Each structure stands twice: as C-alpha cells, then as structure tokens.
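The values are calculated or read from the model by the stated rules, or taken from the named source; none is laboratory data. Keep in mind the model is a prediction, meaning the values are calculated, not measured. FYI the Cβ positions are ideal-geometry reconstructions off the backbone, even for glycines, and counts take in every protein chain you see. These area figures cover heavy atoms from the full protein model, side chains too; ligands, DNA and RNA do not enter into them. Shrake-Rupley method; radii C 1.70, N 1.55, O 1.52, S 1.80 Å.
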Amino acid sequence: MTISIAMTQVGDIPAKDSEVQRLIEKYTNTKLDIQWIPNAAYNDKINVMIASNDMPKMVKVQYNPTIVSSLRSDQFWEIGPYLKDYKNLSAQNKQFYENISVDGKIYGVPNFSDMGRAAIVYRKDWLDNLGLKLPTTIDEWYNVLKAMTLNDPDKNGKNDTYGLWLFKKYNEGAYSLTTRLATSLGAPNKWAVDKDGNFTPEFMTKEYNDVLKLLKRLYDEKLINQDFAVFDSTEAEKMFDSGRAGIRIAVAQNGKSQADRTSKTDPKAVVDVEPIRGPQGIRVSGEPGNSGFYVFPKSSVKTEAELRKPLAFEDKMMDPEMANLLTRGVENKHYVKTSDNKSEYKDFTGFQREVKPYRDNFPYVEGYNNLPLKDTPIGEKGVNIAKENTKYVVPNPALILTSATYNDRGGNWIK
C-alpha cells in the first residue's frame, strides 16, 4: 500500500531510495510518499493544506489553536477507539495521548518524547578557561554569558564568540528558551494555578520578567547576536557547531550530537551536558511528551478500513526491527551488537545524516523494543538526565484546557 505523509525536514532530505527508507518499506509492506517540509515554514504549509482540504493520508501536526479547531471540525478521524487493536501503540503511557486530546477525544498518534528533556549543553572548556561554573541565578547567567562573549573563552585572540546565540523563535511553544530558563529560576511552566483554581500566566511572575530583563540587557550591550530575528534554530545550532557560541538550553540527549558536530570544527573542544539548576535546585518545565502527532484526514482516508492501514504502519514502526532501525540504524553500518547484547554506535555521524530524519518523524520510545545502548559518556549522561528530570518536572496545568477565544485567535497571538 502507498502511504503519503507530510512531515518535518530534519537535516538534508534523504533520497527516496535511501537504505533506511527501503528497509522501512520492506518491513511494513508499504510504499512511502514523503513530503519533507522545512521547519521554518512547516506550520504555515500545514495550515494551507488544511484550509484547502488537500492533504496526504498522514499529516504531522503540532497541538495549537488552528489544529485544535480543525480536529473539532470533523476533518480528521478520531482514533481513540481503535488504539486497543494495536499492541505497540496501546502499550504506551496514557498520558502521552491525554496530552494531545481534544474534548477528551484522541485524534492522533504522538511522536513520543520524554517530558523533562531540557538541559544545558555547553562548552566546558570555555567555562574552565574563564574559571567559571554553570549559572544558577539571574546574575550568574549575565556574568557567564558576558564573559563568554568578551573574554576570549576559546583563546584564539579574536572577538568572535557569544555565550548565547539567539534565534527568531526562541520564545515559542513548549520548548521556549525563556520558559525553560525562567522555570529553572522558580517561575511556573506557562501558568501557575492556586488552590482556588485561579490561573496566573508566567509573564506576570518576577522570575520570568527577570529573564526578559536579562535578554534585553544582553541585547542592549551587544552580548548576544543582534540579528537573532532572522535566524532559524538550525542556523543557530551551526553557530555552536562552529565554535561561535558557548551555551544552549536544549534537549539533554542532544549533548552527544552537539559534541560530535563541534569536534569536526575543533577536535579539542569539550562539550558537556548538565541539568538546569536554579536557586531551588533542578526544576524542569514539563513538555507535552511529543514532538508533534500524526492525524488522518477524512478527505484522503475515506473509510475505517483505509484508516487501519496507516495505524498498522505506525504500530509496526514500534516493532523491535523498526525500533532498532530508528534508534540505532542499520546493524554493522551505524551500530554493532556488543558481547553483552547491547548496541554500540559504529558511525554516529552517518546515523545523524541517514537515520535521524526518519527517527525524528516516526514513533519510538527509548527502551521499548530496542537494544540497550552502550554509548559515549556524554551520550549516556544525556539519556540519564532526561530520565532523572522526570522527578523534577514542573507541569503546565493549562496544557489541554480549552478556550473558544484562544482556539479562534491564539494562532495569531503566539506568532
């Protein structure tokens, strides 16, 4: 069967006859017709598709007002009643599905992810050169970022570094840099709710405003890049890769890939990852537990029988064969099995280039149906931080609350 899919471009677009795609198609008995959409234009492109009702069989979307409104308009299949028929999809934590529910109904299959992934990925060698430690207060953040910008942390004799390289969407969504930093310092995660059920938005708290003042001060003093408004997040990552930036607040597991890429520019670079700590210790803004979810348009999936085909495809992608392919790659090419029945990366750079575009777009849960990973120290550290962070997650109490006004106009407010 042919399955058409709209999903996010991650890195370079793989060739249609790539080895990874051929293996997926063979195992799932499908022919994939993938439309790779750049991240910067993704939501706008999906909104046009929905408005025109011209969509592929599977569409990766984000939980936002436009999508919520579309789900309520009967354009997509409600899949909740069918999940019990798929062993892998139904085996996952119900919270994953509840976090994308609309009026108690489930319309999609999440791209599962840890709910407490935020961490600091940083140039440890820069901090050591400056004689500084990771910041835990607003003043320390200013001092560290200023020193990384002005005090030649890479010792190359040039004024060519920033502590933080900002990008245009730094303050959007569940992965907002501002929210992550403010939460670590004591702010709520998007909203605070008191015992009487009264909600207070994060921007009305002192900690959040302290972060805004910090960013303004950094900008005014030219301690962050002045052209951040035109930078995509992937371009900002490249600045870290090339030794131009010292700190990222990112996904803990990204520490390994960041270290790998940075080493290509500077083999002596030391990249490390640590939990985000503040005056109260570790506090992590809880995430929805997905990097988007797939919905199934009724305009292109006409019947229940047709719906079961892409659902079966998603379920098969979590079988051991596919779970290992998505998370480890091709055996003896990207990874090898160890004597204690673990997996060890053989070509992680190749994995990032050839496998990651698919891994980031299909469902998997680390530790479910895949081989345990024997990794580099920073790789294992990142995985452990994401797991441990679950203990310190600050949830967003308004994650799936409904508001007619927000659903109608919120898409404009958040841009």
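Tell me, what is the percent relative contact order of the chain, built from C-alpha pairs under 8 Å that lie six or more residues apart? Present the calculation step by step, with values, prior to reporting the outcome.
On the way: 713 pairs, mean separation 106.9, N = 415.
Once divided by the residue count of the chain, the mean separation gives 26 percent.
Just the Kirkwood number for the chain, please: inverse of mean 1/r across all distinct Cα pairs, in Å, one decimal.
Numbers: mean 1/r = 0.0443 Å⁻¹.
About 22.6 Å, per the Kirkwood formula over Cα pairs.
Got a sec to turn the phi values of the range 10-17 into Karplus ³J(HN,Hα) couplings, 6.51 cos²θ - 1.76 cosθ + 1.60 with θ = phi - 60°, whole Hz, x for Gly and Pro?
Running phi through 6.51 cos²θ - 1.76 cosθ + 1.60 with θ = phi - 60° gives 10, x, 6, 6, x, 5, 4, 9 Hz.
Between SER339 and ARG409, 0.36 nm times their residue separation minus their Cα-Cα distance comes to what?
19.5 nm
As a test of understanding, state the convex hull volume per residue of the range 198-334 from its alpha carbons, in Å³.
Working: hull volume 33.8 nm³, N = 137.
Once divided by residue count, the hull of the range 198-334 is 247 Å³.
What whole-number distance in Å separates the alpha-carbon centres of the range 339-389 and the range 156-224?
Distance between centres, Cα-based: 30 Å.
Can you work out the FRET efficiency for the pair TYR219 and GLU19, with r the C-beta to C-beta distance and R0 = 41 Å, to the nearest 0.05?
Details: r = 45 Å, r/R0 = 1.11.
Step by step, r from the Cβ atoms, then E = 0.35.
Among the chymotrypsin sites (Phe, Trp or Tyr not before Pro) in the range 313-381, which ones are in a DSSP loop with at most 16 other Cβ atoms within 10 Å of the Cβ? Mind listing them? Could you put the intermediate results ahead of the total?
Details: sites: PHE313, TYR335, TYR345, PHE348, PHE351, TYR358, TYR364, TYR368; in loops: TYR364, TYR368.
Sparse-neighbourhood loop chymotrypsin sites (Phe, Trp or Tyr not before Pro): TYR368.
Treat each spin label as a single point 7 Å out from the Cα along the C-beta direction, and report the GLU366 to ASP196 distance in nm.
About 4.3 nm separates the two model spin labels.
Please report, as a whole percent, how much of the solvent-accessible surface of the range 143-185 comes from carbon and sulfur atoms (probe radius 1.4 Å). Before the final figure, lay out the partial values.
Values: 780 of 1730 Å².
Roughly 45 percent, rounded to a whole number.
Roughly speaking, what is the centre-to-centre gap between the range 108-151 and the range 1-78 when only Cα atoms are used, to the nearest Å?
When both Cα centres are located, 33 Å separates them.
Go ahead and run the numbers for FRET between ASN156 and GLN75, Cβ-Cβ distance against an R0 of 45 Å, rounding to 0.05. Each step should come with its number before you reach the end.
Values: r = 55 Å, r/R0 = 1.22.
Using R0 = 45 Å, I get an efficiency of 0.25.
Just for the Cα atoms in the range 311-358, what are the lengths along the principal axes, largest first, rounded to whole Å?
Extents along the principal axes: 34, 26, 10 Å.
State the percentage of accessible surface on the range 313-415 attributable to carbon and sulfur atoms; use a 1.4 Å probe and exclude ligands, DNA and RNA. Intermediate values should be presented prior to the final figure.
Numbers: 2640 of 5250 Å².
Carbon and sulfur: 50 percent of the exposed surface of the range 313-415.
Report ³J(HN,Hα) in whole Hz for each residue of the range 262-277, in order, from the Karplus equation J = 6.51 cos²θ - 1.76 cosθ + 1.60 where θ = phi - 60°; Gly and Pro get x.
Karplus-based 3J(HN,Hα) across the range 262-277 equals 5, 5, 5, 7, 9, x, 8, 4, 10, 9, 9, 9, 9, x, 7, 10 Hz.
Once you place label points 7 Å from the Cα toward the Cβ at LYS84 and GLU172, how far apart are they in nm?
4.0
Based on Cα positions only, what radius of gyration and what Dmax would you give for the range 256-415, in angstroms?
19.8, 58
So what is the calculated 222 nm ellipticity per residue for the chain, using -39500 (n - 2.57) for each DSSP H run with n of 4 or more, over all residues, to the nearest 500 deg cm²/dmol?
Values: 17 runs with 157 residues, N = 415.
Computed mean residue ellipticity for the chain: -11000 deg cm²/dmol.
Give me the extension gain from LYS391 to LYS94: residue separation times 0.36 nm, minus the current Cα-Cα distance, reported in nm with one decimal. Mind showing how you got there, number by number?
Details: separation 297, 0.36 × 297 = 106.92 nm, distance 1.81 nm.
Separation in residues times 0.36 nm, less the Cα-Cα distance, equals 105.1 nm.
Given charges of +1 on the Cβ of Lys and Arg and -1 on the Cβ of Asp and Glu, with all other atoms neutral, how large is the dipole of the range 204-269 about its Cα centre, in debye to the nearest 20? Write out the running numbers ahead of the final one.
On the way: 12 positive and 11 negative charges, 37 e Å.
Rounded to the nearest 20 debye, it is 180 debye.
Which of the trypsin sites (Lys or Arg not before Pro) found in the range 302-354 are loop residues per DSSP with 15 or fewer other Cβ atoms within 10 Å of their Cβ? Walk me through the intermediate numbers first.
Working: sites: LYS302, ARG308, LYS316, ARG328, LYS333, LYS337, LYS342, LYS346, ARG353; in loops: LYS302, LYS333, LYS342, LYS346.
Those satisfying the criteria are LYS302, LYS333, LYS342.
Near MET317, within a Cβ-to-Cβ distance under 12 Å, what is the net charge of the other residues, with Lys and Arg +1 and Asp and Glu -1? Spell out each step's value before the answer.
Working: positive: LYS316, ARG359; negative: GLU25, GLU314, ASP315, ASP319, GLU321.
My count for the surroundings of MET317 gives -3.
Kindly flag which residue pairs out of LYS158/LYS256; LYS256/LYS356; LYS60/LYS238; LYS124/LYS346; LYS158/LYS222; LYS31/LYS87 have an alpha-carbon separation exceeding 18 Å in this structure.
Details: LYS158/LYS256 27 Å; LYS256/LYS356 13 Å; LYS60/LYS238 25 Å; LYS124/LYS346 25 Å; LYS158/LYS222 16 Å; LYS31/LYS87 23 Å.
With Cα atoms farther than 18 Å apart: LYS158/LYS256; LYS60/LYS238; LYS124/LYS346; LYS31/LYS87.
In whole Hz and in residue order, list the ³J(HN,Hα) couplings for the range 351-368 that follow from phi through the Karplus curve 6.51 cos²θ - 1.76 cosθ + 1.60, θ = phi - 60°; x for Gly and Pro.
Running phi through 6.51 cos²θ - 1.76 cosθ + 1.60 with θ = phi - 60° gives 4, 4, 7, 9, 10, 3, x, 7, 4, 6, 10, 10, x, 7, 10, 4, x, 10 Hz.
Compute the distance from the alpha-carbon center of the range 249-307 to that of the range 88-104, in whole Å.
What the calculation gives is 19 Å, centre to centre.
Starting from the 7 Å offset along Cα-to-Cβ, what nm value, one decimal, do you get for the label separation of SER52 and THR376?
Each label point is offset 7 Å from its Cα along the Cβ direction, giving 4.3 nm.
Under a 1.4 Å probe, what is the accessible area of the chain per residue, stated in Å²?
On the way: 19210 Å² over 415 residues.
Accessible area per residue: 46 Å².
Scan around VAL330 for amide H atoms under 5 Å from its own, H built in the peptide plane at 1.01 Å from N, and keep only partners 5 or more places away or cross-chain.
Those qualifying (amide H under 5 Å, at least 5 residues apart or on another chain) are TYR335.
Residues of the range 139-174 with the amide nitrogen closer than 17 Å to a label point 7 Å from the Cα of LEU401, along Cα-to-Cβ, please.
Once the point is set 7 Å along Cα→Cβ of LEU401, 174 turn out to lie under 17 Å by backbone N, inside the range 139-174.
Taking the range 133-239, which trypsin sites (Lys or Arg not before Pro) meet the DSSP loop condition and have no more than 14 other C-beta atoms within 10 Å? Walk me through the numbers before you get to the answer.
On the way: sites: LYS133, LYS146, LYS155, LYS158, LYS168, LYS169, ARG180, LYS190, LYS195, LYS206, LYS213, LYS216, ARG217, LYS222, LYS238; in loops: LYS133, LYS155, LYS158, LYS168, LYS169, LYS190, LYS195, LYS222.
Of the trypsin sites (Lys or Arg not before Pro), the ones in loops of the range 133-239 whose Cβ has at most 14 other Cβ atoms within 10 Å are LYS133, LYS155, LYS158, LYS195, LYS222.
If I take every Cα pair under 8 Å that is 6 or more residues apart in the range 145-223, average their sequence separation and divide by the length, what percent do I get for the relative contact order? Don't jump to the answer; show the numbers that get you there.
Working: 77 pairs, mean separation 19.3, N = 79.
Relative contact order here is 24 percent.
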